[in-house]
Amino acid sequence: MSYQNQSEQSPPLLVVIVNYRTANLTINCLHSLVSEVQILPGMQVVIVDNDSGARSLEQIGNAIETEGWSDWAAVLPSKHNGGYAFGNNLAIRSALKSSNPPSYFLLLNPDTFVRPQSLKLLVDFMNQHPQVGIAGSRLEDSDGTPQCSAFRFHTLLSELDSALRLGIVSKLLSHWVVAPPVSSIPCQTDWVAGASAIVRREVFETVGLMDEEYFLYYEEVDFCLQANKLGWSCWYVPESRVVHLVGQSSGVTNTKTPPKRIPKYWFDSRRRYFLKNYGWLYAALTDVVWLLSFALWRCRRAIQGKPDNDPPHLLSDLFNNSVLSKKNTSIRSV
């Protein structure tokens, strides 16, 4: 179904949830949105199913019908799994083409559930700050422990710090560390996690949709960077609290289990981000710095007997997927 069938009146907020074989998580997320719908009249939710198969569609569709959510929630099936940006764009594109596009879009992970009034707080913040293009919630564990969800852009210096892991270097590069300490007050930031991020309609109209060449990871970083270049600021709003069951959707960033080997699409996304935004020379230099720094860390870890908490084959995998190893590193236009 298309977004145009959702409502005749322009909604203040369209929530987009991309599901891929996470039907139970998606349904739990929908349960948490019931109270938000009651305080945000006209709010709509579209669940984009990224070709999960009939079972997922059936589960989610049955839940919507059984719970009486059909006046504000609907499923939009995709014919193939094109990734996170592709799935979100499917719903956003349809909404933008409608005669009554929403004022705001909320990108929400299926492995989340929102605390009371979290979405209204985001909408209120955006209404009060018309110069802000994107804002993100405070992501947290079920027990309320905050997660890093406001970040700085990835650069050569941030890659050096993340790979070398040396205290004195981290202090010197503190202004370039990707994940700064969690703030307790609203603050401007470079980018926010796509697990719960609100985007003003005009941002999509001026910047365009998210880059679908990213399958998963780095797409929200890139989108915030493109918005930043056009003068849209990005903010972190900790009063809006969203529980994020980290890694339940992808399995990559789950901190509760031993690290798994990082999938190829993560490296592809990282490579695209640096090539697209900084060019081949910068991307190559970044890869060299990361590889050398990480090799030094591995030597120091072995000498000092520190625990090995890195994903398996990380050094060789990054080299094999770096711009140094890939013959075709051209970037197709978005």
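The values are calculated or read from the model by the stated rules, or taken from the named source; none is laboratory data. Values in this document were obtained by computation on a predicted structure and should not be read as measured data. As a convention, Cβ positions derive from the backbone with ideal geometry for all residues, glycine included, and neighbour counts pool all protein chains shown.
Which of (1) hydroxyl-bearing (Ser, Thr, Tyr); (2) touching a strand residue (DSSP E or B) at 6+ places or on another chain (Cβ under 6 Å); (3) assigned to a loop (DSSP other than H, G, I, E, B) is the odd one out, the single condition TYR214 does not satisfy?
Here TYR214 meets the rest and fails (2).
For the range 190-238, enumerate the residues that are on the phi > 0 side of the Ramachandran plot and under 14 Å from the mean Cα position of the chain (by Cα).
Across the range 190-238, the qualifying residues are TYR217, TYR218.
Residue by residue through the range 162-179, note down the ones that are under 20 Å from CYS224 (Cβ atoms) and buried (at least 16 other Cβ atoms within 10 Å of the Cβ). Show your work before the answer.
Step one: list which residues in the range 162-179 are under 20 Å from CYS224 (Cβ atoms), which gives 162, 175-179.
Residues satisfying the conditions are SER162, TRP176, VAL177, VAL178.
Being exposed (fewer than 14 other Cβ atoms within 10 Å of the Cβ) and part of a loop (DSSP other than H, G, I, E, B): is that true of PRO259 here? Quick ask: steps written out before the conclusion?
Numbers: exposed (fewer than 14 other Cβ atoms within 10 Å of the Cβ): no; part of a loop (DSSP other than H, G, I, E, B): yes.
Judged against the criteria, PRO259 is not a match.
Quick one: which residue in ALA227, ALA197 is assigned to a strand (DSSP E or B) and either under 18 Å from GLN147 (Cβ atoms) or touching a residue at least 24 places away in the same chain (Cβ under 8 Å) (or both)? Can you show your working first?
On the way: ALA227 fails: assigned to a strand (DSSP E or B).
Step by step, each of ALA227, ALA197 is checked, and only ALA197 is assigned to a strand (DSSP E or B) and either under 18 Å from GLN147 (Cβ atoms) or touching a residue at least 24 places away in the same chain (Cβ under 8 Å) (or both).
Is it true that some residue in the range 27-39 is assigned to a loop (DSSP other than H, G, I, E, B), assigned by TED's automatic domain parsing to the domain that holds ILE92 and touching a residue at least 12 places away in the same chain (Cβ under 8 Å)? Spell out the reasoning first.
Step one: of the range 27-39, the residues assigned to a loop (DSSP other than H, G, I, E, B) are none.
Taking every residue of the range 27-39 in turn, none turns out to be assigned to a loop (DSSP other than H, G, I, E, B), assigned by TED's automatic domain parsing to the domain that holds ILE92 and touching a residue at least 12 places away in the same chain (Cβ under 8 Å).
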